[in-house]
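Visitor: Before I ask anything, let me first share the structure, which is written out below as structure tokens.
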Amino acid sequence: MDLTEKKLSGELKYTGVIVSVTLDEVELCDGKKTLREVVHHPGGVGVLPIDEDGNCYMVRQWRYPLGATTLEIPAGKIDHHDEHIATARRELSEETGFSADEYVDLGCCYTSPGYTDEIIHVYLARGLHRGKSHLDEGEFLNVEKMPFDTLFDMVMRNEIIDAKTVIAVTRAKLYLLGEGRG
């Protein structure tokens, strides 16, 4: 069965600083019509930095929609059709001050395909060099150093539930196990 939904019309409902929202009328595979709300996002990148001693550098920041702080990998949105790797380098430097010799592509994921087209690309950064962070205006966070095994355990105990972080940590674990390092 072909499950394709055909867009019949679309109306821009909102344009914001980062996202826009459309209300689309679609025809379902059975011929019936319905509406789809779509949040359009430029996409983002997350980076899991691990030093030669197996320590990770995470960011703790306030997340307004959640009304709480979260522990996450350094991350940010892709600007002006930048390459994913360029965004990874920029965000790692901005948020932690680190640069890296190696970026391992750990793949990508849709954040919530039921209502948004946002896609996040995740990287493992190794060969770290310390520098000075330079946060965006209005961005406030704390950088926290922790052993990778502790971070992995936190993910597995559901203490960290940020999707990009969970994906980066679990994929990094598999990658590192493949190298005989996990």
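Visitor: For region 33-68, which positions are closer than 24 Å to D117 by Cα and touching a Cys at 6+ places or on another chain (Cβ under 7 Å)?
Guide: Across region 33-68, the qualifying residue is only L48.
Visitor: Moving on. Y110 - would you say it is among the aromatic types (F, W, Y) and more than 16 Å from the chain's Cα centre (by Cα)? Quick ask: steps written out before the conclusion?
Guide: Working: among the aromatic types (F, W, Y): yes; more than 16 Å from the chain's Cα centre (by Cα): no.
In short, no.
Visitor: Would you check if there is a residue in region 92-110 being surrounded by fewer than 14 Cβ atoms within 10 Å (Cβ to Cβ) and either without any contact (Cβ under 8 Å) to a residue 12 or more places away in the chain or part of a loop (DSSP other than H, G, I, E, B) (or both)?
Guide: Looking through region 92-110, at least one residue is surrounded by fewer than 14 Cβ atoms within 10 Å (Cβ to Cβ) and either without any contact (Cβ under 8 Å) to a residue 12 or more places away in the chain or part of a loop (DSSP other than H, G, I, E, B) (or both).
Visitor: From the list T70, T150, T111, exactly one residue is modelled with pLDDT under 95 and within 19 Å of V169 (Cα to Cα). Which is it?
Guide: Numbers: T70 fails: modelled with pLDDT under 95; T150 fails: modelled with pLDDT under 95.
Testing whether each residue is modelled with pLDDT under 95 and within 19 Å of V169 (Cα to Cα) leaves just T111.
Visitor: Determine whether region 92-100 contains at least one residue that is outside the structural domain of V19 (by TED's automatic domain parsing), within 15 Å of A168 (Cα to Cα) and at pLDDT below 95. Explain how you work it out, then say what you get.
Guide: First, the residues of region 92-100 that are outside the structural domain of V19 (by TED's automatic domain parsing): 92-100.
Those still in the list that are within 15 Å of A168 (Cα to Cα) too: 92.
If we keep only those that are at pLDDT below 95 too, we end up with none.
No, because not a single residue in region 92-100 is outside the structural domain of V19 (by TED's automatic domain parsing), within 15 Å of A168 (Cα to Cα) and at pLDDT below 95.
Okay, residues lined up against (1) surrounded by 15 or more Cβ atoms within 10 Å (Cβ to Cβ); (2) closer than 30 Å to R130 by Cβ:
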| position | (1), (2) |
| --- | --- |
| T4 | no, no |
| K7 | no, no |
| V26 | yes, no |
| H41 | yes, no |
| I50 | yes, yes |
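Visitor: Another question, then. For I50, work out the one condition from (1) within 23 Å of L177 (Cβ to Cβ); (2) out of contact with any Lys or Arg (no Cβ under 9 Å at 6 or more places or on another chain); (3) of a type in the set (A, V, I, L, M, F, W, C) it doesn't fulfil.
Guide: For I50, the failing item is (2).
Visitor: If you don't mind, there's one more thing I want to ask. Does region 25-40 contain at least one residue that is among the basic types (K, R), outside any strand (DSSP E or B) and more than 22 Å from L12 (Cβ to Cβ)?
Guide: To start, the set of residues in region 25-40 that are among the basic types (K, R) comprises 32-33, 36.
Next, only the ones that are outside any strand (DSSP E or B) stay: 32.
In the following step, the residues that additionally are more than 22 Å from L12 (Cβ to Cβ) were identified as 32.
Checking region 25-40: at least one residue is among the basic types (K, R), outside any strand (DSSP E or B) and more than 22 Å from L12 (Cβ to Cβ).
Visitor: Please go through (1) closer than 23 Å to I160 by Cβ; (2) in a strand (DSSP E or B) for P65 and return the number of the only condition it doesn't satisfy.
Guide: Here P65 meets the rest and fails (2).
Visitor: Now for a separate question. If you check every pair at least six apart or on different chains, which have Cβ atoms under 9 Å apart with a residue in region 133-145 that is touching a residue at least 60 places away in the same chain (Cβ under 8 Å) and among the basic types (K, R) first and a residue that is surrounded by 10 or more Cβ atoms within 10 Å (Cβ to Cβ) and in a loop (DSSP other than H, G, I, E, B) second?
Guide: K145/D51
The values are calculated or read from the model by the stated rules, or taken from the named source; none is laboratory data. Just so we're clear, the structure is a prediction, and the values are computed from it rather than from any experiment. Every residue, glycine among them, receives a Cβ derived from its backbone with ideal geometry; neighbour counts consider all protein chains shown.
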